[in-house]
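In what follows, a structure is listed as structure tokens, so that the remarks can point back to it.
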């Protein structure tokens, strides 16, 4: 739907409609006024005749009257050939011949008639106005009875005169309004076009934006009705551009994380190619395999992160933290389990959560793997849970080196490693943990343990916990 | 040639070390920016390979810092990001070249050679000194078109002296360019290398400046 088309069609339609109303009203008005005027004229003419006739019959000079009638309508029988002349040259009028007069005596004998009148009675002998059809024309007839001698005066006037006059009056009265309407129509078009210009400007501005060019719309010249819209668009674009920026940075991080092992593998492959003895070739092959393993792990972690899409999760279920932890620990490779002692406290088996069990297990696996990677030989990793009034707190403590105070806040960021990449981590483990926590409205915090080690705490809100079952 | 490698990734760092050693580079490897700056302040390196994605202080910061401390050593940046801004930022921060990971070993070596050539003020890839001709690309040495086989460290001493003709290089300067932190240095190892070079090249190029060090005179045509 086009606002412009709607406004133009609506306004011009209303204009047209008002014009039709004005037209009909004018026509009706003309019809009433002209009718009254002509009726009055008929009556008056009749009274003038009456003045001559209202006396005893022998005193009336019919010849005189006849001559007068003849003179009045001379040469103007019912032919319309002179209709185009508005005025006759002798001072008469073209409409004159469209009158007819009959005078009858009391026994209804025709005494006198104008040449335009027929020989039979135009109307019934009855006082007042009537409309009769004679020949092809309608006539307005005024009949009057003279009480003194019982004569009837019948004066008739052809209806088309009135119609013509009504028509002319109607149309001439419309010229002004019509001119006004045309002016108004142009005005409406102009105002609507001008009024919609800011909208067109704004959409042009929006059209110029794309994913690489998300700068805010310029709203200085926008009318105040459009400013909230513009601001909403600006806000949206800001969010999108932040998202795009974040995605871009993430892609950059991925590129970095994937390209580094690739660079190492390629170098090792070329080193192997340039080596002259089989032992160093084997040595380089081993390094390549390690690089491949690392890339595989990284890609799996990336896929895990990508699959953490809240729309694909389904419904949360009641989970026992201890059961999930035990499953994760059982699934660890002997290599990951060797050298560390993982202790699951009893409290974990008494803690129920309303959560996504698959995600919880990914989260616990990442935390445990992370802890075991940084644990010293024979180190202990302990998992505990605690329920407070509002939260369920899960805590994992290792005996690794911990991290410096300033690094504590960087934990959980993508590709951040606690130490230079001396260990084989992808740098994604804790950001997966952070993402899963976010999906559970839980909060992750890190602190250093005493005397040494890292404590990861995850605070699940109790609204999400299944405390009452 | 003494090279400082700044790379936090264990695997890549190790691979680079393995790759560069056979090509007459003495590689010292640090894993973060602070250690890189410390090493630079302590010792002389002829070239630096610097990774951008370092923990803590990143490669750009290290680069800016070392340039602000007036180290003119050529720097080759390693970057995993192919965005233009990264390259521009790197070059503007004072890098001499950059390489996108993953890279080809031959390209890396060629770029390193180009960097040391430029640092020595040479445009042609060969080093000529009279009838002596050295091609750094395959580390071949010839005299009067007769190939000469030099050991790795002998080659390094010769190159170092030839790139600084007319200047006397001290024992320490030569030793620093020959030995990394992990190498054991015999007290008279340098003399042994120089002795071998003198035996293998028909003319005696290397002049001993007693109590100071060694030098090779600038070549001029009258010497033939």
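The values are calculated or read from the model by the stated rules, or taken from the named source; none is laboratory data. Owing to the predicted nature of the structure, the values given are computational and were not obtained by experimental measurement. When we count neighbours, we look across all protein chains shown, and the Cβ atoms used for this are built from the backbone with ideal geometry, even at glycine.
For residue B:78, the stated conditions hold: it is closer than 20 Å to residue A:287 by Cβ, in contact (Cβ under 8 Å) with a residue 60 or more places away in the chain and within 20 Å of the chain's Cα centre (by Cα).
Filtered by the rule that a residue be more than 25 Å from residue B:109 (Cβ to Cβ) and touching a helix residue (DSSP H, G or I) at 6+ places or on another chain (Cβ under 8 Å), the range B:60-87 gives B:61, B:65, B:69, B:83.
Determine whether the range B:118-129 contains at least one residue that is surrounded by 14 or more Cβ atoms within 10 Å (Cβ to Cβ), modelled with pLDDT under 90 and part of a strand (DSSP E or B). Within the range B:118-129, one or more residues are surrounded by 14 or more Cβ atoms within 10 Å (Cβ to Cβ), modelled with pLDDT under 90 and part of a strand (DSSP E or B).
Would you confirm whether any residue within the range A:245-259 is at pLDDT 85 or above, closer than 30 Å to residue B:52 by Cβ and over 42 Å from the mean Cα position of the chain (by Cα)? Checked the range A:245-259: at least one residue is at pLDDT 85 or above, closer than 30 Å to residue B:52 by Cβ and over 42 Å from the mean Cα position of the chain (by Cα).
As a summary of the residue check, residue A:412 satisfies the conditions (1) at pLDDT 80 or above; (2) buried (at least 19 other Cβ atoms within 10 Å of the Cβ); (3) not in a helix (DSSP H, G or I) except for the one numbered (1).
Checking every residue in the range A:315-333 against the condition of being more than 21 Å from residue A:372 (Cβ to Cβ) and either within 14 Å of chain B (Cβ to nearest Cβ) or out of contact with any strand residue (DSSP E or B) (no Cβ under 9 Å at 6 or more places or on another chain) (or both) gives at least one match. Quick one: which of A:219, A:258 is within 12 Å of another protein chain (Cβ to nearest Cβ) and either over 30 Å from residue A:12 (Cα atoms) or not in a helix (DSSP H, G or I) (or both)? The match here is A:258. For residue B:107, the criteria (1) under 19 Å from residue A:263 (Cβ atoms); (2) surrounded by 15 or more Cβ atoms within 10 Å (Cβ to Cβ); (3) touching a strand residue (DSSP E or B) at 6+ places or on another chain (Cβ under 8 Å) hold in every case but one, which is (2).
When you scan the range B:1-100 for helices (runs of 4 or more DSSP H) that lie fully inside it, which ones turn up with 2 or more residues that are out of contact with any strand residue (DSSP E or B) (no Cβ under 9 Å at 6 or more places or on another chain) and closer than 30 Å to residue A:276 by Cα? Outline the logic, then answer.
Working: elements: B:10-20, B:33-42, B:59-68, B:84-92.
Here the list reads B:10-20.
Residues considered: A:423, A:365, A:419. Of these, the only one that is out of contact with any strand residue (DSSP E or B) (no Cβ under 8 Å at 6 or more places or on another chain) and at pLDDT 85 or above is A:365.
Residue-by-condition table, conditions (1) assigned to a helix (DSSP H, G or I); (2) within 14 Å of chain B (Cβ to nearest Cβ):
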position	(1), (2)
A:224	no, no
A:232	yes, no
A:241	yes, no
A:253	yes, yes
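Of A:388, A:351, which residue is surrounded by fewer than 15 Cβ atoms within 10 Å (Cβ to Cβ) and either more than 15 Å from residue A:453 (Cβ to Cβ) or in the same structural domain as residue A:436 (by TED's automatic domain parsing) (or both)? Write out each step before concluding.
Values: A:351 fails: surrounded by fewer than 15 Cβ atoms within 10 Å (Cβ to Cβ).
The match here is A:388.
One residue alone among A:177, A:118 is farther than 19 Å from residue A:32 by Cα, touching a residue at least 40 places away in the same chain (Cβ under 8 Å) and surrounded by 13 or more Cβ atoms within 10 Å (Cβ to Cβ), and that residue is A:177. Scanning the range B:51-84 for residues that are within 14 Å of chain A (Cβ to nearest Cβ) and within 11 Å of residue B:4 (Cβ to Cβ) yields B:62, B:76.
Criterion first (in a helix (DSSP H, G or I), within 12 Å of another protein chain (Cβ to nearest Cβ), without any contact (Cβ under 8 Å) to a residue 40 or more places away in the chain and surrounded by fewer than 17 Cβ atoms within 10 Å (Cβ to Cβ)) does residue A:289 satisfy it? Before you say what the answer is, go through the steps one by one.
On the way: in a helix (DSSP H, G or I): yes; within 12 Å of another protein chain (Cβ to nearest Cβ): yes; without any contact (Cβ under 8 Å) to a residue 40 or more places away in the chain: yes; surrounded by fewer than 17 Cβ atoms within 10 Å (Cβ to Cβ): yes.
When the stated conditions are applied, residue A:289 passes them.
Only one entry in A:268, A:354, A:283 is in contact with a helix residue (DSSP H, G or I) (Cβ under 7 Å, 6 or more places away or on another chain) and within 14 Å of chain B (Cβ to nearest Cβ), namely A:268.
Being within 17 Å of residue A:321 (Cα to Cα) and in contact with a helix residue (DSSP H, G or I) (Cβ under 8 Å, 6 or more places away or on another chain) is the filter here; which residues of the range A:439-464 pass it? Selection gives A:439, A:440, A:441, A:442, A:443, A:444, A:456, A:458.
Considered as a group, the residues in the range B:90-99 that are surrounded by fewer than 23 Cβ atoms within 10 Å (Cβ to Cβ), over 17 Å from the mean Cα position of the chain (by Cα) and more than 13 Å from chain A (Cβ to nearest Cβ) include one that is farthest from residue B:1 (Cα to Cα), and that residue is B:92.
Considering only residues of the range B:187-218 that are within 22 Å of the chain's Cα centre (by Cα) and assigned to a loop (DSSP other than H, G, I, E, B), which is surrounded by the most Cβ atoms within 10 Å (Cβ to Cβ)? Write out each step before concluding.
The initial filter retains those residues of the range B:187-218 that are within 22 Å of the chain's Cα centre (by Cα), namely B:189-194, B:196-197, B:205-206, B:213-218.
From the residues that got through so far, the ones that are assigned to a loop (DSSP other than H, G, I, E, B) too are B:205, B:217-218.
Details: B:205: 21, B:217: 12, B:218: 10.
It comes out as B:205.
Kindly indicate whether any position in the range A:436-447 is at pLDDT below 85, surrounded by fewer than 19 Cβ atoms within 10 Å (Cβ to Cβ) and not in a loop (DSSP other than H, G, I, E, B). Yes - at least one qualifying residue is present in the range A:436-447. Between A:201, A:212, A:253, A:243, the distinction of being over 30 Å from residue A:20 (Cβ atoms) and touching a residue at least 40 places away in the same chain (Cβ under 8 Å) belongs to A:253 only.
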